[in-house]
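Peer 1: Here it is: the structure, laid out below.
Taken together, the values in this text are just the output of simple stated rules run on the coordinates, not laboratory data. In this text, all values refer to a predicted model and were calculated from it rather than measured experimentally. Glycine also receives a Cβ, built like all others from the backbone with ideal geometry; neighbour counts cover every protein chain displayed.
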Amino acid sequence: MNLIGQHSSRSPETAEEQQLLAAVIVTYNSAGVLPGLLDSLSQGFEGVARREVIVVDNASQDDSVALALAHPIGAKVIPMGRNAGYAAAINAAAAQLGPDANMLILNPDIRLLRGCARALQEYLSDPSVGIVVPQILDEDGSYAKSLRREPSLVTAWSDALLGTRLAARIGTGEIVDDPALYQSGGPVEWATGAILVVPAATRRKVGNWDESFFLYSEEVDYLRRVRATGASVVYVPQAQAVHIGGEYHDNVFLTALMTNNRIRYYRRHHKMVATALFRLSIIVGETMRVTLSSGHRAALRAALGL
């Protein structure tokens, strides 16, 4: 087991400090962004006594694996041998770690700010907490609106007819736009899966991530299952990380995949008529914006099943 850093001098250690906190990074042709994340881990894990770094690679064709192995942080690499998807990579790391490790799941385009992991770890001793997420910052230093409401007909039609920004502002869309919550923190329904901590107790209760989603909506599904156990998803603004991300906006394949998985997720939890209305909301919304970008056209084709 490759550990990074040294044990904290603080004594005595609390129960959560005695548990391993493993950074799990899922890569796929991530050579352009992975070194920046690995460089940020030393400051990001400051104050964490037991830590490990695992890079799970989905058959990258670039130098992702070589960069991970060469980096002084001492990452362990798990080669998937195929592009197995985000959830499958997380499950592979979980199997290697065993049931008693806390997992800090990271996209490779995340950058941890100083003390981020420690601030998240402080919440793990509370048995009512099932997932912990930090404040995500954009590259300009402003906070990203990373918090979400559970998908519903209200959120879907609000986003479609009003646009995501206005729907968020008036509190009816899927995106949460509540300055007080982003400043003070608290329980949320779900948050984007680019960075989150899954405590060992949650892993044991909830089990594996659903690999059928491949990419997108897997975090919505997992966090719903966490809430179903009675545990909460907690947003901690004192923990901060920068997210470079947003690749799906410029990638029609990823946009279509996201749209398909939104519908698949909703269909899993709702009846046929409700699902048809949910799909229709996407069709209407994307039709209204079809001339704006190739992404809107790709989402419309996906919602129509073309």
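Peer 1: Just want the ordering: 82, 148, from fewest to most Cβ atoms lying within 10 Å of their own Cβ. Kindly include the intermediate steps, with their values, before the conclusion.
Peer 2: Values: 82 9, 148 21.
Going from least to most buried by this count: 82, 148.
Peer 1: Another question, if that's okay. Taking R0 as 41 Å, what's the FRET efficiency between residue 162 and residue 18 from their Cβ-Cβ distance, rounded to 0.05?
Peer 2: FRET efficiency, residue 162 to residue 18: 0.25.
Peer 1: Percent antiparallel among DSSP beta bridges with both residues in the chain, to the nearest 5?
Peer 2: Given both bridge residues lie in the chain, the antiparallel proportion sits at roughly 40 percent.
Peer 1: Scale the Cα Rg of segment 250-304 by the rule-of-thumb value 2.2 N^0.38 Å and send over the ratio, two decimals. Working shown, then result.
Peer 2: Values: Rg = 11.0 Å, N = 55, 2.2 N^0.38 = 10.1 Å.
For segment 250-304, the normalised Cα radius of gyration comes out at 1.10.
Peer 1: Which net charge results for the neighbourhood of residue 106, defined as the other residues with beta-carbon distances under 15 angstrom from its beta-carbon, given Lys and Arg at +1 and Asp and Glu at -1?
Peer 2: So the environment of residue 106 carries a net charge of -3.
Peer 1: Right, another one. For residue 271, go through the lysines and keep the ones whose alpha-carbon is under 28 Å away, minus same-chain ones fewer than eight residues off.
Peer 2: Output for residue 271: 205.
Peer 1: In whole Å, what is the distance between the alpha-carbon centres of segment 69-89 and segment 155-191?
Peer 2: 34
Peer 1: Restricting to Cα pairs below 8 Å that are 6+ residues apart, what does the relative contact order work out to for the chain? Please round to a whole percent.
Peer 2: 19
Peer 1: Just to confirm the number: angle between the C-alpha axis of helix 86-97 and the first principal axis of the chain, 0 to 90 degrees, nearest 10?
Peer 2: It works out to around 20 degrees.
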